[in-house]
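The values are calculated or read from the model by the stated rules, or taken from the named source; none is laboratory data. Predicted, not measured: the structure shown is a model, and the values here were computed from it. Cβ placement follows ideal geometry from the backbone for every residue including glycine, while neighbour counts extend to all protein chains displayed. Only protein heavy atoms, including side chains, enter the accessible area calculation; ligands, DNA and RNA are left aside. Shrake-Rupley method; radii C 1.70, N 1.55, O 1.52, S 1.80 Å.
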Amino acid sequence: MNKERGNFGSRLGIVLATAGSAVGLGNVWRFPYMTGEDGGAAFILLYVGCILLLGIPGMVSEFIVGRRAQANAARAYDQLSGGRPWRLVGYLGILTSSIILGFYAVVAGWCLQYLYASLAGQVLGDTDYVSRYFTDFSTHPVKPVVWGVAFILLTHVVVIRGVRHGIERASKWLMPILLVLLVVLVVASCSLPGAMRGVEFLFKPDFSKVTGSVMLDALGQAFFSLSLGTACLCTYASYFSKETRLLHSAGEIALLDTFIAILAGLMIFPAAAAVGISPDSGPSLIFITLPNVFQQAFATVPAVAYVVSIMFYALLVFAALTSTISMHEIGTAFFTEEYHLPRSRSAWVITVAASLLCMLCAWSVGAFDSLRLMGVPLMDFCDLLTANVMLPLGGMLACLFVGWYIPREVVYDEFTNGGRCHLRYHRVFLFAVRYVCPICIMLVFLHQLGVV
Ligand code: TRP
């Protein structure tokens with residue numbers, strides 16, 4: 001192994017850091033609001049289907065490229081393709097993850113601000129007050145930008161500490177705390193009177209709601225949630241050890257990620273149903289409706305509402321941080337290795353670029369609603385462009401690369417750790433990455449475009 005590159009120190013560290021990247025606002029903010037808008041249980045079934053059929057093979061493909069090449073995303077593709085233009089897949093990944101970091105930091109900044117506001121007791125009030133609070137805050141020209149940029153700087157501080165002491169240590173602490181907090185909130189939410197309607201919404205499918213765009217949403221959400229399609233997993237896999245069993249790790253992470261998304265649903269929808277809030281209220285679901293939920297649900301004991309809301313926003317901040325770290329790391333690793341910059345300097349490149357985009361995105365959904373592209377606010381545009389186009393495309397290219405381009409022996413060697421594990425699944429995997437994934441992703445795209 002290349003001694004100069006960082007690597008994860010333990011098996012647990014590998015799984016937690018990669019799972020930390022996967023588990024984020026995608027699970028706790030995006031998944032519930034997409035589920036709410038796209039009709040509940042039917043969307044969840046499609047989503048789980050995408051994870052199993054396309055997500056896991058896609059993850060393993062990125063793992064193979066990264067661990068084999070032991071290099072940043074662009075160089076990894078470059079090395080394995082012998083100078084062919086596959087390098088562009090790496091560039092695409094670095095671009096995509098930086099765009100994601102830009103808009104993701106806006107929402108992460110909202111979470112950070114809400115954590116502060118919960119501590120200061122500012123989000124306690126009646127329904128009107130809470131929604132006015134969100135509107136006033138998010139349309140302010142300065143505040144959301146400051147919180148978003150603060151979040152990027154927080155990420156920056158962890159990333160420059162390096163792989164083992166920064167990323168791995170942070171994930172080891174944050175992931176278990178997150179799980180415990182989530183379970184406490186699920187129990188609180190499900191024990192409210194009338195909560196069962198929310199549970200039903202989550203688990204009783206209505207297939208009449210399934211359209212082409214719901215399918216594309218499910219695909220995009222699956223990839224977004226697994227951090228798949230930006231070479232993020234490829235970069236992390238370059239820090240894996242030769243002993244890491246790739247399929248096994250992908251399976252574990254996908255399972256944990258889906259479990260947490262469903263838990264987040266179980267935290268939000270039963271509580272929303274209990275206090276009569278509509279599940280399809282969109283991206284503001286957790287910011288406008290939940291503070292109401294906390295208060296109405298725990299009206300008799302305001303101290304509980306106070307503590308629960310602090311816990312909830314702390315959870316979101318933790319989840320978001322382990323994810324932004326991974327988005328940041330892709331670009332940082334790239335600039336450090338390709339341009340021989342010190343790690344801290346290359347981290348600044350990403351920090352500055354992402355902060356600028358974060359500012360524009362925050363303004364586009366707040367102070368300046370003329371910041372639009374193709375008729376939607378810049379923030380929504382970045383979200384849809386990355387999740388529904390760039391990620392499936394990046395994931396599909398990773399599958400094609402591993403399935404058709406790199407030598408079979410390399411794939412065999414990495415997939416089975418030199419013939420020591422997963423022998424039975426090797427053929428299934430190859431079939432999936434050669435045919436199933438590319439064809440399914442193409443079909444969803446073509447369907448959305450109205451071709452099939
Ligand atoms: N998966 C993360 C979430 O669910 C978001 C994320 C982190 C991501 N790194 C990524 C998405 C890379 C796409 C690509 O919140």
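Which shape class, rounded, prolate or oblate, goes with the stretch 159-279 when its Cα gyration tensor gives a ≥ b ≥ c as root eigenvalues, a/c under 1.5 marks rounded, and past that a/b bigger than b/c marks prolate? Kindly include the intermediate steps, with their values, before the conclusion.
Numbers: a/c = 2.79, a/b = 1.59, b/c = 1.76.
Taking the square roots of the gyration eigenvalues as a ≥ b ≥ c, the stretch 159-279 is oblate.
Would you mind checking the tilt of helix 246-274 against the longest principal axis of the Cα atoms of the chain, expressed as 0 to 90 degrees and rounded to 10?
Once rounded, the angle reads 10 degrees.
Are there chymotrypsin sites (Phe, Trp or Tyr not before Pro) in the stretch 276-361 that DSSP puts in a loop and that have at most 13 other Cβ atoms within 10 Å, and which ones?
The qualifying sites are Tyr339.
Please report, as a whole percent, how much of the solvent-accessible surface of the chain comes from carbon and sulfur atoms (probe radius 1.4 Å).
On the way: 11710 of 17340 Å².
Its accessible area is 68 percent carbon and sulfur atoms.
For the chain, find the longest principal axis of its Cα atoms and tell me its angle to the long axis of helix 143-160, 0 to 90°, nearest 10.
40
Can you tell me how the stretch 176-219 classifies by the Cα gyration tensor, rounded, prolate or oblate, using a/c under 1.5 as the rounded cut?
Since a/c reaches 1.5 but b/c is at least a/b, the shape of the stretch 176-219 is classed as oblate.
Nearest 10 degrees is fine. How inclined is helix 11-22 to the longest principal axis of the chain, computing both from alpha carbons?
Its long axis makes an angle of about 60 degrees.
Semi-axes of the stretch 76-129's equivalent ellipsoid from the Cα gyration tensor, sqrt of 5 times each eigenvalue, largest first, rounded to whole Å?
Listed largest to smallest, the semi-axes of the stretch 76-129 are 45, 9, 6 Å.
Looking only at GluC sites (Glu not before Pro) in DSSP loops with at most 14 other Cβ atoms within 10 Å, what is the longest site-free stretch of the chain?
Longest gap between qualifying sites, sites excluded: 5-242.
If exposed means no more than 12 neighbouring beta carbons inside 10 Å and the site is in a DSSP loop, what's the longest run of the chain without any exposed trypsin sites (Lys or Arg not before Pro)?
4-241
For the pair Ser370/Gln122, report the inter-label distance in nm, with labels modelled 7 Å from Cα in the Cβ direction.
Result for the modelled spin labels: 2.9 nm.
With a probe of 1.4 Å, find how much accessible area the chain has per residue, and write the answer as a whole number in Å².
Roughly 38 Å² per residue, with all protein chains present.
From the Cα gyration tensor of the chain, with a ≥ b ≥ c the square roots of its eigenvalues, which class applies: rounded if a/c is under 1.5, or else prolate if a/b is larger than b/c, or else oblate?
Verdict is prolate for the chain.
Given the -39500 (n - 2.57) contribution per DSSP H run of 4+ residues, what per-residue ellipticity at 222 nm results for the chain, rounded to the nearest 500 deg cm²/dmol?
The per-residue figure over the chain is -22000 deg cm²/dmol.
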